[in-house]
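To start, the structure under review is shown below, and the notes come after it.
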Amino acid sequence: MSQNIRQAEGILRFIPKEGQVILPKAGERNILITSALPYCNNVPHLGEQIYPSPIRPVVDLEYDVGNIIGSTLSADVFARYNRTRNRRTLYICGTDEYGTATETQALKEGITPKQLCDKYNALHVETYKWFQLSFDYFGRTSTPAHSEYAPSLFFSRPRSNDRP
C-alpha cells in the first residue's frame, strides 16, 4: 500500500504489508538500517530515569525508558526520511540476549537467562510499539536463524593475518 504524505511530486511512501519481504533492487537506492541491539536485561530507556510529575501523576511508577534516543529512535527517523525519498529501505533491529549483563541480571532476579530475555523482550516490543518505531523486522539474537547465520557471517570474513 502506498500513502501520499505530502503534496509534492516524487514524495511517496511505500508501506510494505506485514510480513512482506523487502529485498534490494538493482538500479534503485537500497538502504539497510540497523541500530545497536539493546541488551535484553532491562527495560528500554531514554537515557535517564524519568519520574512521574505531580502534573501528570502515574501511580507507583518510575520510568527508565535507555537506548531509545541514541539508537532505535534516531535510526527510525533516518528510516522514515529515506522512505519519504522513495528509497527502498529496510530497518531491522532486535534484542541482544547474550552476554555477562544478561546472565548477571538473571542471577539477581533468580530466573534463567532465557526467562529473563523472554520477559524483557516483551517489554522492549511493547515500548517500541508505543513509540511507533517503524521496524521492518525486530528479532532476537537467540532465534535459530540468527544463531546459525551470525557465526557463518563472522567466520567467512577475511582476517587481517590472511592477507598477503
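The values are calculated or read from the model by the stated rules, or taken from the named source; none is laboratory data. The model shown is predicted, which means the values in this text are computed figures rather than measured ones. FYI the Cβ positions are ideal-geometry reconstructions off the backbone, even for glycines, and counts take in every protein chain you see. Just the protein is used for accessible areas: all its heavy atoms, side chains included, with ligands, DNA and RNA removed. Shrake-Rupley method; radii C 1.70, N 1.55, O 1.52, S 1.80 Å.
Quick notes on this one:
- Boolean, residue 160 is among the small types (Gly, Ala, Ser) and either more than 24 Å from residue 30 (Cα to Cα) or open to solvent by 90 Å² or more (accessible area, probe 1.4 Å) (or both): yes
- For the residues 111, 92, the requirement of being modelled with pLDDT of 90 or more, in a loop (DSSP other than H, G, I, E, B), surrounded by 14 or more Cβ atoms within 10 Å (Cβ to Cβ) and not charged (D, E, K, R) singles out 111.
Residue-wise test of (1) touching a Cys at 6+ places or on another chain (Cβ under 7 Å); (2) of a type in the set (S, T, N, Q); (3) surrounded by 12 or more Cβ atoms within 10 Å (Cβ to Cβ).
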| site | (1), (2), (3) |
| --- | --- |
| 86 | no, yes, yes |
| 101 | no, no, yes |
| 134 | no, yes, yes |
| 155 | no, no, no |
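- Within the range 139-161, residues that are closer than 23 Å to residue 91 by Cα sit with their Cβ atoms under 7 Å from residues that are polar (S, T, N, Q) and assigned to a helix (DSSP H, G or I), at 6+ positions apart or across chains, in these pairs: 140/121.
- Among the numbered conditions (1) closer than 20 Å to residue 39 by Cβ; (2) surrounded by 12 or more Cβ atoms within 10 Å (Cβ to Cβ); (3) at pLDDT 90 or above, the only one that residue 82 does not meet is (1).
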